[in-house]
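Before any comments, here is the structure.
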Amino acid sequence: MTDRLEPATIRKLYRRLIPLLFLMLFFNYLDRINIGFAELDMGDELGFSPGVFGFAGSIFFLGYMILEVPSNLLLHRFGARRWIARILLTWGFIAAATAFVFNDTSFYVMRFLLGVMEAGFLPGVAVYVTHWFPERYRARAVGGYIIGSSVAAVVGGPLSTALMTYTDHLFSLAGWQWMFIVEGGAAMVLGLVALRAMTERPADAKWLTDEEKAWLAGELEKDRAALGEQEKPSVLRILGDARVWCLAILFGCALVGIYGLLLWLPQIVKSLGHLSNLQVGFLSAVPPLLGVLGTFLVSKNSDRTGDRKKHLAFVYGMSAVAIAGSAYVGSPVVAYVLLCLTGMFIYAGNPLFWSLASSFRTGVAGAATIALINTIAQFGGLVGPWSIGLVRGATGSFDLALLTIAAFLVVAAVLALALRVQKKTADTKENAAV
């Protein structure tokens, strides 16, 4: 009976939850990275320098960091369904309103507010997954929705540049303005869908049988018992946990590369030759498309072997080699191939990281821990886009910026190998609130 019950239940979870979470991640990353495509026309129209775009890309993460932990704790208090829907509605509104910026200050304000409204989303979804999937299935579950970010970069290039090209001057608005309006409005619609379609916990799932609910509750309880459920997280103990800081610094270094590549890839591709906006959009789609393939293969093998650390070190190490090589080679074609390989490996690290980050605490403690890790890690988002913009403005090329990204990815790979993540047993001291 159990032999049939387990796979049937897991299949239902994947089919019911992952597509919706995938769409959320898709629009989440689309509304983060579309300024890279907007810059192709927006910069000339509003007179923005590369430094302005770099700073706008980075200031998003300042707003994100400020409210990351409070937002994730509020998600735990009010429930994932309502809080995630609220995040989608408000970030979609701000993303659409970015169409009407008129100078660098208004641009900075809207990007900062986008970070504020988005705060808590990604770690909140990671916590939500722990309420549904047993630990041994979690990497594939996270991989199933987190490839939405890669798909956003795949589809986002052709979609954004097509919107910019074919809606230009429609109702007296520029194409880049329509791009922000359409893509931000889609996130708002998805927020309304999420409010209706999400199920809070397995016990509320009418689409599971009583036997499936009982089996799933038993498996999740085994995970909680192995970790030691903490209803009241000790803030000082979380801050004093070396694993939290190691994971945060590791992911922060990786984010320098991830967001540096996401936000500047259109400009990096355009610098390789004389290309139209549509050509840039389609060529920019290939690295994240390969990232989808890499995510699937690496996540599947990670779940099969039970290893996260070595897989994480491998993908970041290979990303460093490929992106450094793209800066050294003289051929634009070879440089582009190496950028594609960078995308294949660098995106594959996300599900491994979130599986690690959610593997040693549960409940409120898990929410607080994941939010804190993600908050500290956002220094990578602050450093990556802005520094690349400054370097490009100062040197006229991306070579030095790409080598800097490679150095951060090497640090991430080394930290992944050095990381010690082991399941915790119950510790009554950790149940004391601070």
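The values are calculated or read from the model by the stated rules, or taken from the named source; none is laboratory data. Predicted model, so just to flag it, every value in this text is computed and none were measured. Using ideal geometry, Cβ is built from the backbone for each residue, glycine included, and neighbour counts are taken over all protein chains shown. With ligands, DNA and RNA removed, areas are computed over all heavy atoms of the protein, side chains included. Shrake-Rupley method; radii C 1.70, N 1.55, O 1.52, S 1.80 Å.
All of (1) surrounded by fewer than 18 Cβ atoms within 10 Å (Cβ to Cβ); (2) in contact with a helix residue (DSSP H, G or I) (Cβ under 6 Å, 6 or more places away or on another chain); (3) closer than 21 Å to ALA371 by Cα; (4) of a type outside the set (S, T, N, Q) hold for ILE146 with one exception: (1). A single entry from ARG136, ARG196, ARG140, ARG201 fulfils the requirement of being open to solvent by 40 Å² or more (accessible area, probe 1.4 Å), modelled with pLDDT under 90 and farther than 30 Å from ASP303 by Cβ: ARG196. From the list THR130, THR105, the one residue that fits, being of a type in the set (Val, Ile, Thr) and without any contact (Cβ under 8 Å) to a residue 40 or more places away in the chain, is THR105.
If you filter segment 239-252 down to residues that are open to solvent by 10 Å² or more (accessible area, probe 1.4 Å) and of a type outside the set (Phe, Trp, Tyr), you find that the one that is modelled with the highest pLDDT is ILE249. Residues in segment 33-52 that are of a type outside the set (A, V, I, L, M), open to solvent by 10 Å² or more (accessible area, probe 1.4 Å) and at negative phi: GLU39, ASP41, ASP44, GLU45, PHE48, SER49, PRO50, GLY51. Do the conditions hold for LEU352, that is, is it closer than 19 Å to THR130 by Cβ and either in the same structural domain as PRO287 (by the TED database) or among the aromatic types (Phe, Trp, Tyr) (or both)? Yes, satisfied. Among the residues making up segment 1-21, those that are closer than 20 Å to PHE121 by Cβ and open to solvent by less than 50 Å² (accessible area, probe 1.4 Å) are LEU17, ILE18, LEU20, LEU21. Of the helices (runs of 4 or more DSSP H) contained entirely in segment 1-104, those carrying at least 1 residues that are hydroxyl-bearing (Ser, Thr, Tyr), more than 21 Å from LEU390 (Cβ to Cβ) and at pLDDT below 90 fall at 2-46, 50-78.
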